[in-house]
Amino acid sequence: MLVIENLVKQYGKFKAVDNLSMEIKEEQIYGFVGANGAGKTTTMKIIAGLLKATSGKVALGGVDIEANPGRVKSRIGYMPDFFGVYDDLKVSEYMDFYAGVYGIAKSKRKELSDQLIELVNLQDKTDVYVDTLSRGMKQRLCLARSLIHDPELLILDEPASGLDPGSRVEMKEILKELRKMGKTVLISSHILSELSEMCTSIGIIDRGKMVASGPVADIIKKASYNRVIRIKVTGSPEMAVKFLKEQPSVGSISEASDYIDADFNGNEQELASILRGMIYANISVISFMELEKNLESAFMSIIRKNGGNSEKIGNGENCESLGNYENNENYEKQIKGGADYDYKKSGN
Amino acid sequence: MIIRNPVIEKELKTKMRGWKSPALITGYLAFLVLVIYLYFLASGQLEKYSMQYFNPRVALNSYYFLASFQFGVLLLIVPALTGGAICGERERQTLDLLLCTNFPAISIITGKLIVSIAHILLLLIASLPVLGSVFLFGGIGVSDILLLSLFYIVTAFMVGSLGIFYSTIFKKTITSIIVTYITLLVLLFGTLIIMFVWGSVNRIQNFPRIEHLYAFLFSNPIFGFVSIMEGLNGGYGISTIFGIGYGSTQLANTWVKPWMINAAFDILVTIVLVLISTRRIKPVKGISKLKNKEGKKQFVFYSSRTKG
């Protein structure tokens, strides 16, 4: 349904999207995963016709977005990560306005917007001014807006960002409903556990490049051939990092504020000897555990491999490629689904 | 494009809601009426037992004053209203929500332009009966007031399109408004200054002559406005305050009046700036001229699409 071929978006010398190719089939829920600045939003904006690609091709149902932006836009519903609402409109007027913008006949607008308002569970807010709605309600209203013209493809950029846990659950329920409707959805999120539950396929993007793509189970399987060991130590982690780097069965190492993740490709005896060795070396280990194989660990593993330079990570240097997230507390919150993640702080 | 433009519908609905707009119109009209009353009072025309003869010049002068005042209000307010038209959408983060639809960019621009100047036009149109009070004394016809109103509208569109154009260029509303005012000042006074500097450098006698006025002031809204006012007055005039009295007496005998040239310039500038602004906000230009009709064809109610 959506085919992207060799997409490039360049700002001066910086490539925000670098030769990215992907395909989304009909009725797929495709999760777009990547760190801040990886190129997710840029790619989504290009698909939505809001940015012009430097080169490459984006086609929806065989129609090229560059050649026929109007035709493609009428088939896409787009919900940006940050959006504004017209504060001086009521919920029903807001929906009516966008129905008008999409050229929907006046006689059909009310019925359609009522259905969508009900879908996003705002039926008791129709006569309320939009500016009085909570963040979660505004997100849901924006989702209803993006559905007003019955699009084939729905592009949702961080639809659950900044929402409290209750609102996130509601958003998830709505997305399940959309899946039942047969909508094709491209969704980006930092909450990987939620993505793995609802997506049929995912694509992992790093520094503008698609580094892995396919069904969620396949990605986890392929990416997790290395086990990831999470080690927590008291005091400075330098000794632990140095020790781990000397172990032949340890691959790349990444250091966060309160733990160290190490790719491990040995057997159980080797694993036990690493722990034993750390204790003999007077490293104060307080936790030593293998991470469960899931989308989060797969993502971390793939990104680490793609970044490649374990020296820099291991030394705690903020290497350009990984510094955006590996040493970023905000990033940890995103991955864990923290609702209090401050996007402005991260500059995304 | 204009009649069924949802941008216009939405803005008019929200702007006219509440007490502010009716209060603004009432206050503005009350002010104009007060000005006329004071003008007549000061001229001794309202004293019941006065033996002073009736002077129609007073009515005409009050008309000039009101017309000039309204023209000044228009030039002062329109940049402030239009300078933030697109910037405001960008700042509110609502522009992308419009641009990701198949709604034509030209409808966004024309909608914003019309809505931004609709308020000032409403004030001007509402004040027509006040201007029409001079009918009681003669000297001004309905066609004169209509011509003036048309000139107001054309000028408002030109100034408005300048504001919209800059608001597509600059990210901040305040920058856009300031640059619009600067451009307007250049048109209003810059052209006059250039003309007189040119005249004094070249030491031309009987300066400025009609050809100089046309050459330097064709784009100056005051030039067009003054020529409309002078048309009522057989060449006598308020234009002498700009030192262009000699040329203006020549103008009284020419068929192509400055306001025609000025209005043509305004219309041309409006069209060009609207087209450039439209192109500027279009993120992806497109190469096909195919008109999309799919929105209506694809429309299916959601209940019928639910699978499970």
Euclidean distance of C-alpha centroids, the stretch A:207-253 and the stretch A:51-72, integer Å: 38 Å
Answer in debye to the nearest 20: the dipole magnitude of the stretch A:22-62 about its Cα centre, from +1 Lys/Arg and -1 Asp/Glu charges placed on Cβ, is 220 debye
Long-range amide H partners of residue A:154 with built H, under 5 Å: A:77, A:184, A:185, A:186
If I build a Gaussian network model for chain A, linking alpha-carbon pairs within less than 10 angstrom, which residue out of A:96, A:157, A:127 has the largest mean-square fluctuation? A:127
On C-alpha positions alone, give me the angle between the axis of helix A:91-101 and the longest principal axis of chain A, in degrees, nearest 10. 80 degrees
Relative contact order for the stretch A:106-171: what percent, with Cα pairs under 8 Å and sequence separation of 6 or more? 32 percent
Please determine, in degrees from 0 to 90 and to the nearest 10, the orientation of helix A:268-280 with respect to the longest principal axis defined by the Cα atoms of chain A, where the helix direction is its Cα long axis. 70 degrees
Projected label distance in nm at residue A:27 and residue B:147, using a 7 Å step from Cα toward the beta-carbon: 7.1 nm
For helix A:165-181, what angle does its Cα long axis make with the longest principal axis of chain A, in degrees from 0 to 90 and rounded to 10? 60 degrees
Only Lys, Arg (+1) and Asp, Glu (-1) charged, at Cβ; chain A dipole about Cα centre in debye: 740 debye
Report, as a whole number in µm² per second, the diffusion coefficient that Stokes-Einstein gives for chain A at 25 °C and 0.890 mPa s using the Kirkwood radius over alpha carbon pairs. 113 µm²/s
For the stretch B:151-204, the spread of Cα positions along each principal axis, largest first, Å: 44, 26, 12
Along each principal axis, Cα extent of the stretch A:95-195, largest first, Å: 42, 31, 19
Filter the trypsin sites (Lys or Arg not before Pro) in the stretch A:1-77 down to the DSSP loop ones having no more than 14 other Cβ atoms within 10 Å, then list what survives. A:13, A:25
Tell me, what is the FRET efficiency for residue B:169 and residue B:106 to the nearest 0.05, using R0 = 22 angstrom and their Cβ-Cβ distance as r? 0.80
Connecting C-alpha atoms closer than 10 Å in a GNM of chain A, tell me which of A:247, A:269, A:139 has the biggest fluctuation. A:269
Computed over the stretch A:196-297, the relative contact order (Cα-Cα under 8 Å, seq sep at least six) in percent reads 31 percent
Value of [θ]222 nm, deg cm²/dmol, for chain A, DSSP H segments ≥ 4, -39500 (n - 2.57) each, nearest 500: -11000 deg cm²/dmol
Here the stretch B:158-175 yields Karplus 3J(HN,Hα) values (6.51, -1.76, 1.60; θ = phi - 60°; whole Hz; Gly and Pro given as x) of 5, 5, x, 5, 4, x, 5, 4, 5, 6, 7, 8, 8, 7, 9, 4, 4, 4
When the C-alpha atoms of the stretch B:67-183 are aligned to their principal axes, what extent does each axis show, in angstrom, from largest down? 56, 31, 17
In the stretch A:248-298, the chymotrypsin sites (Phe, Trp or Tyr not before Pro) that fall in loop regions by DSSP, at most 13 other Cβ within 10 Å: none
Note down the relative contact order for chain A as a percent, whole number, built from C-alpha pairs under 8 angstrom at least six residues apart. 19 percent
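Values quoted throughout were computed directly from the atomic coordinates according to the rules given, and no laboratory measurement underlies them. Quick caveat: nothing in here was measured; it's all calculated off a predicted structure. Every residue, glycine among them, receives a Cβ derived from its backbone with ideal geometry; neighbour counts consider all protein chains shown.
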